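Have a look at the structure below, then the notes.
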Amino acid sequence: MIQSIFMLPNFDADQLAAINSTVNTVVTAGAGSGKTSVLAARFIRLLRTHDISVDQILTLTFTNKAAAEMHERIHQALQRETDPRLVKESTQFHKAQISTIDSFCAQIARNSSSLFGLAPDFSIDEDALTRLIDELAFDTALTHAQRPGARALTARYGFHGLADGLLARVGSHYLSLAEEIDFPTLLARQYDALLAARPLHCRAFTDAAQTLYADYRERFKTVADNAGPLSRAGTLSELFAAGRFTDIRALLDALTFRKPGGRSSADGEIVKGLIDRLREEQQHLASIVTAYEEEEFIRDLFDLLALFQRELAVRKRMRKLVSFQDVARMAVKALQVNLPLRRYYKRRYRFIMIDEFQDNNHLQKELLSLLAERGDLELPRVPGPSELEPDKLFFVGDEKQSIYGFRGAQVDIFKALKKELKDHGGRALSFRNNYRSRPGLIEFYNRLFAGVMHSPSLPFEAEFEPLSACLPAGKIRPQIRLFYKPVADTDADEEDLSAVEAEALTVASFLRDAVEKEQLMIEDHGAVRPL
Ligand SMILES: Nc1ncnc2c1ncn2[C@@H]1O[C@H](COP(=O)(O)OP(=O)(O)OP(=O)(O)O)[C@@H](O)[C@H]1O
Ligand SMILES: [Mg+2]
């Protein structure tokens, strides 16, 4: 039925299952498998099967471009409808709630900005805010340069370590108008966590040290060189218990490893593995020692952070300036504490659909959970999976395409969401066909991803399912060129180019050659020509 009216091609059975799903649903599928097309088709299906208007469906995407495209796709599809009710809805399409998650959050934050002492006409300007934070961090570092904590930090990391490394960084990543951080409580929790982690690190270090010492002392020079301190590693927890931090540091500092070179052997690999573990634990233990030795300074720095937080909040309010992160946090907080506001939004949207969900973070998941809270509940917190409406949410995404890690996007959130919804009456679907790429490419990706993504049980690793190519083979046989940067297993700290620089350079040179030397053939309106 959908195919006859809808402008998009005939949907396959997997796609139809998603379009017609009547419970909370997550669709995970690879690139070009029709996820966005399905989301658009589902919009029309919801209008047909429910007595709702276009503005009762909230559709969220990640970029402005995607939102504009989605708007266009759905609008065009709706204009083809002949049912009088849908024709009427089509004339009301300017009211449709299709936007980026950022601008949706901004809408909620503006409606409730007074909760945060902020005027509703605030501007969201990341650059201006960064400048404000940098200036305030500089001023604060300068004004408080003589505090014990500031002096200790500056002695080790310089003035910029204090101004940029600590204050500005905390200011832009962690401080928001939505909620004040209680720094003294945070510090107390950190020390509790440290105390709990200490024995584990001691044990891991001691175990690795003793294995090395006992089994490999004779054969590996690097182990023999460190035999003295390795033999004493067993006393670590006693030293901690006695508060002899200087001795612990001396012990840790006495160990310097060079991995065994020469031809690789089974034992050599074991020794390398043990050395890796020891180095890692060495760092953990050293930072635990620092935390104890410098507790007084750390406490003072936390006080300084509390002061910086207050001053930053005043300036943000005065300048009416916030970041996208502020806005998202304000939106979640407002929905959490302002029950009438939550009720309003819950009733306003009968359905919520989100594209590219792999790029969302924990905060955005909370926002959606609040909006999808069951009608008969008004919890004083973010609802859990069993407290959601059973048929309100529809997520689509592709774990392998997660590109917003720098904003906190996490594959594990997407994976956890799938499981949660499934365990509570929802569905997790996937698509098996690719409609965008030529068969040669798909075959390659299927093989490549199957080889790379082999631990789907790990929470942070993307799951992979092969796709079938649905486009016919083109006139050009696809060629795959794999660029890789070998990782040298040496102990050199520095390499000429960073991975990112090397990638940029390789791709740029490849493209230049392709254009200048006419190496790359493309298919253009059925004809084959050089790019
Ligand atoms: N059943 C189908 N038959 C033929 N073509 C289809 C079908 N489903 C989708 N397509 C086409 O495949 C292309 C890719 O679809 P779409 O953009 O919806 O994929 P996607 O999964 O959202 O991709 P991405 O992961 O890149 O966001 C589009 O041109 C779409 O029209
Ligand atoms: Mg898409």
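Within the stretch 20-35, can you find the residues that are more than 7 Å from ligand 1 (Cβ to nearest atom), among the aliphatic types (A, V, I, L, M) and open to solvent by less than 10 Å² (accessible area, probe 1.4 Å)?
26, 27, listed by residue number.
Need pairs with beta-carbon distance below 6 Å; first residue among the β-branched types (Val, Ile, Thr) and within the stretch 381-399, second within 16 Å of ligand 1 (Cβ to nearest atom); sequence gap 6+ or separate chains.
If the second residue must be within 16 Å of ligand 1 (Cβ to nearest atom), the pairs left are 396/27; 396/35; 396/39; 396/355.
What is the residue count in the stretch 62-79 for residues that are surrounded by 18 or more Cβ atoms within 10 Å (Cβ to Cβ) and within 20 Å of residue 350 (Cα to Cα)?
Result for the stretch 62-79: 5.
Considering 104, 116, 138, which residue is buried (at least 17 other Cβ atoms within 10 Å of the Cβ), touching a residue at least 40 places away in the same chain (Cβ under 8 Å), of a type in the set (Phe, Trp, Tyr) and outside the structural domain of residue 38 (by TED's automatic domain parsing)?
Values: 104 fails: outside the structural domain of residue 38 (by TED's automatic domain parsing); 138 fails: touching a residue at least 40 places away in the same chain (Cβ under 8 Å).
Result of the check over 104, 116, 138: 116.
Does residue 153 fit the bill of being assigned to a helix (DSSP H, G or I), aliphatic (A, V, I, L, M), open to solvent by 20 Å² or more (accessible area, probe 1.4 Å) and not assigned by TED's automatic domain parsing to the domain that holds residue 353?
So residue 153 fits the description; yes.
Condition (residue is open to solvent by less than 30 Å² (accessible area, probe 1.4 Å), within 24 Å of residue 358 (Cα to Cα), within 11 Å of ligand 1 (Cβ to nearest atom) and part of a helix (DSSP H, G or I)) applied to the stretch 1-17: is it met by at least one residue?
yes
For the stretch 8-27, give me each residue that is touching a helix residue (DSSP H, G or I) at 6+ places or on another chain (Cβ under 6 Å), touching a residue at least 12 places away in the same chain (Cβ under 8 Å) and among the polar types (S, T, N, Q).
Answer for the stretch 8-27, where residues must be touching a helix residue (DSSP H, G or I) at 6+ places or on another chain (Cβ under 6 Å), touching a residue at least 12 places away in the same chain (Cβ under 8 Å) and among the polar types (S, T, N, Q): 15, 24.
Do you know which of the residues in the stretch 36-61 that are open to solvent by 20 Å² or more (accessible area, probe 1.4 Å) and near ligand 1 (Cβ under 10 Å from one of its atoms) is farthest from the chain's Cα centre (by Cα)?
37
Pairs, please: C-beta under 8 Å, at least 6 apart or cross-chain, first residue aromatic (Phe, Trp, Tyr) and in the stretch 334-360, second in a strand (DSSP E or B) and open to solvent by 10 Å² or more (accessible area, probe 1.4 Å)?
Correct list of pairs: 349/97.
For (1) over 30 Å from residue 210 (Cβ atoms); (2) of a type outside the set (A, V, I, L, M), each residue gets a yes or a no:
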{"site": "281", "(1), (2)": "no, yes"}
{"site": "293", "(1), (2)": "no, yes"}
{"site": "298", "(1), (2)": "yes, no"}
{"site": "318", "(1), (2)": "yes, no"}
{"site": "322", "(1), (2)": "yes, no"}
{"site": "342", "(1), (2)": "yes, yes"}
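Which one of the conditions (1) crowded, with 19+ Cβ neighbours inside 10 Å; (2) at pLDDT 95 or above does residue 427 fail to meet, given that it meets all the rest?
Answer for residue 427: the failing condition is (1).
Table: residues versus (1) surrounded by fewer than 22 Cβ atoms within 10 Å (Cβ to Cβ); (2) in contact with a Phe, Trp or Tyr (Cβ under 8 Å, 6 or more places away or on another chain).
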| site | (1), (2) |
| --- | --- |
| 267 | yes, yes |
| 282 | yes, yes |
| 286 | yes, no |
| 290 | yes, no |
| 296 | yes, no |
| 319 | yes, no |
| 326 | no, no |
| 329 | no, no |
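Looking at the stretch 80-101, which of the residues that are in contact (Cβ under 8 Å) with a residue 60 or more places away in the chain and open to solvent by less than 70 Å² (accessible area, probe 1.4 Å) is farthest from the chain's Cα centre (by Cα)?
81
Search the stretch 506-531 for residues that are within 26 Å of residue 486 (Cα to Cα) and pair each with any residue that is assigned to a helix (DSSP H, G or I) and open to solvent by less than 90 Å² (accessible area, probe 1.4 Å) when their beta-carbon atoms are under 6 Å apart and the residues are at least 6 apart or on different chains.
519/513; 520/514
The values are calculated or read from the model by the stated rules, or taken from the named source; none is laboratory data. Quantities reported herein were computed from a predicted structural model and do not represent experimental measurements. Note: ideal-geometry Cβ built from the backbone for every residue, glycine included; neighbour counts use all protein chains shown. Each accessible area value is taken on the protein alone, full model and side chains, heavy atoms only, with ligands, DNA and RNA left out. Shrake-Rupley method; radii C 1.70, N 1.55, O 1.52, S 1.80 Å.
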